[in-house]
Structures are given as structure tokens and as C-alpha cells.
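The values are calculated or read from the model by the stated rules, or taken from the named source; none is laboratory data. None of these values were measured; they are calculated from a predicted model. Using ideal geometry, Cβ is built from the backbone for each residue, glycine included, and neighbour counts are taken over all protein chains shown. Just the protein is used for accessible areas: all its heavy atoms, side chains included, with ligands, DNA and RNA removed. Shrake-Rupley method; radii C 1.70, N 1.55, O 1.52, S 1.80 Å.
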Amino acid sequence: MKTKVNPSQIVKIDVLKNHARNYREHHDDQVAHLMQSIKQNGFYKNIVVAKDNTILAGHGIIKAAKKLGMTEISIIKLDVDPESPQALKILAGDNEVGRLAEIDDRSLSEILKKVKDDDIDGLLGTGYDEMMLANLVMVTRHGKEIADINEAAEWVGMPDYEPKEDPIKITIQFRNEEDRETFANLSKMKMGKEGGTTWSCWWPPKEKEDISSVKYE
């Protein structure tokens, strides 16, 4: 069976119209990634429009191209009405078919790490930033590999990452409030009330804003 090939053509961007049924909102952070991709790689995905120049696939790309100051763009025009079932299938399929793929998030995190390390522009253009990558690393690694978000940030190589040691804590539970008051008086430690049933303090005493170490419940 022969596959139909639709030739591309160059048109003025201003003649293209957003589809009234487009349900995807392209926010500024996404558009920034698309702009970077266009600057680095050009257009590697077809912009598809209906016969009246209504966009069926590529709303985000068009928005990014306009922000880059482009006045012309290559499109594929189909001889279909924008409200026809075929057009609406393209509109939905462009957004949804990719979701059916299975993603190996661990492999993705390794690809993104290499991009961050090797590309002068870092992750811009991938759809990720450093914090998003750190979170991806944390959820795709066993606790023996990456214990928490701080270790994930270190793995990513975030420039503002500074290793922080968790404070050493001791927890004491009381049967009632009177016992807690008695202990607090005997210990002569000034405790802050964090809310609920929890009191806490530092030993030796530290500045008030640093309260978090020793807890009495």
C-alpha cells in the first residue's frame, strides 16, 4: 500500500489560526523550551493545518516561532475542514498518542544529565529544568543510591547545591501535659511550641529560627 505524502509549503505565520477546539495551553516555560529547540535544531516536526489555515498540530511551535520574530514557516496543508472528524483526530492525536508510549524514566534521567553536563545551554529545550531532573532522579533510584532530594541535587550537579547534614534528634513521649511540663522544668531547656502537641529546642541553645533538633511530644 502506498502512503500518501503531503508536500510542505512556506506560508506567512500571520495567516495561521489557532483551532477553536485546541485544549492544550502552552505556558511561557514550555514556549521557552520550544524556542531554544527551534534555535538549536530548526523545525523537525511538521506543522499541520486544515484547508482554511487552521492549525491542527503545532500550536506551541507556532507560538514559539512568533516569539522568535519569525514571519514565515513551513507547513503541511490538508484538504480537510477544521471541524471534520479527520481534522479533529489529528488535533487530538498530536496531543495524546505520545502518552501511550512507555517511558524508562531512569534512562531519561541519564540522557538529561548528559545534556546538562555537555550542552552550554543546559537543559533548556528539553522540557526539564535542574530541579525537575533532581526530582526525576530521586524517584527512579533506590534509597541506597539516592537517599533524598539533596543527594539527587548533588547527582544532577546543581550549582547552588550544598550538602546539608540532618540534625541529630532525640524524641521523648509523655503520657500527659503535666509530665511534659515537669520534664521541661527539670531540664531547664527553653522550648518552642511548633503547634499541636510538639515542643522542640536546640541543645546547646541556638537562634530561635533554627528550632528543629530535639523534640518532646
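Taking the criterion of being at pLDDT 90 or above, of a type in the set (S, T, N, Q) and either over 29 Å from the mean Cα position of the chain (by Cα) or closer than 22 Å to Gly125 by Cα (or both), would at least one residue in the range 88-102 satisfy it? No, there is no match, as no residue in the range 88-102 is at pLDDT 90 or above, of a type in the set (S, T, N, Q) and either over 29 Å from the mean Cα position of the chain (by Cα) or closer than 22 Å to Gly125 by Cα (or both). In this structure, Glu209 qualifies as loosely packed, with under 10 Cβ neighbours inside 10 Å, modelled with pLDDT under 75, charged (D, E, K, R) and part of a helix (DSSP H, G or I). Residues in the range 101-128 that are open to solvent by less than 90 Å² (accessible area, probe 1.4 Å) and among the aliphatic types (A, V, I, L, M): Ala101, Leu108, Leu112, Val115, Leu123, Leu124.
Scoring Gly42 on the criteria (1) surrounded by fewer than 16 Cβ atoms within 10 Å (Cβ to Cβ); (2) at negative phi leaves a single failure, condition (2).
Grab the helices (runs of 4 or more DSSP H) fully contained in the range 43-158, keeping just those with 2 or more residues being in contact (Cβ under 8 Å) with a residue 60 or more places away in the chain.
85-96
If you go through the range 4-45 and pick out every residue that is among the basic types (Lys, Arg) and farther than 30 Å from Val115 by Cβ, you end up with 4.
Conditions tested, residue by residue: (1) of a type in the set (Asp, Glu); (2) open to solvent by 70 Å² or more (accessible area, probe 1.4 Å); (3) touching a Ser or Thr at 6+ places or on another chain (Cβ under 6 Å).
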{"site": "Arg21", "(1), (2), (3)": "no, yes, no"}
{"site": "Glu25", "(1), (2), (3)": "yes, yes, no"}
{"site": "Leu34", "(1), (2), (3)": "no, no, no"}
{"site": "Ala57", "(1), (2), (3)": "no, no, no"}
{"site": "Lys66", "(1), (2), (3)": "no, yes, no"}
{"site": "Gly69", "(1), (2), (3)": "no, no, no"}
{"site": "Pro85", "(1), (2), (3)": "no, yes, no"}
{"site": "Leu91", "(1), (2), (3)": "no, no, no"}
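Taking the conditions (1) open to solvent by 20 Å² or more (accessible area, probe 1.4 Å); (2) more than 18 Å from the chain's Cα centre (by Cα); (3) touching a residue at least 12 places away in the same chain (Cβ under 8 Å) in turn, Gln30 satisfies each one other than (2).
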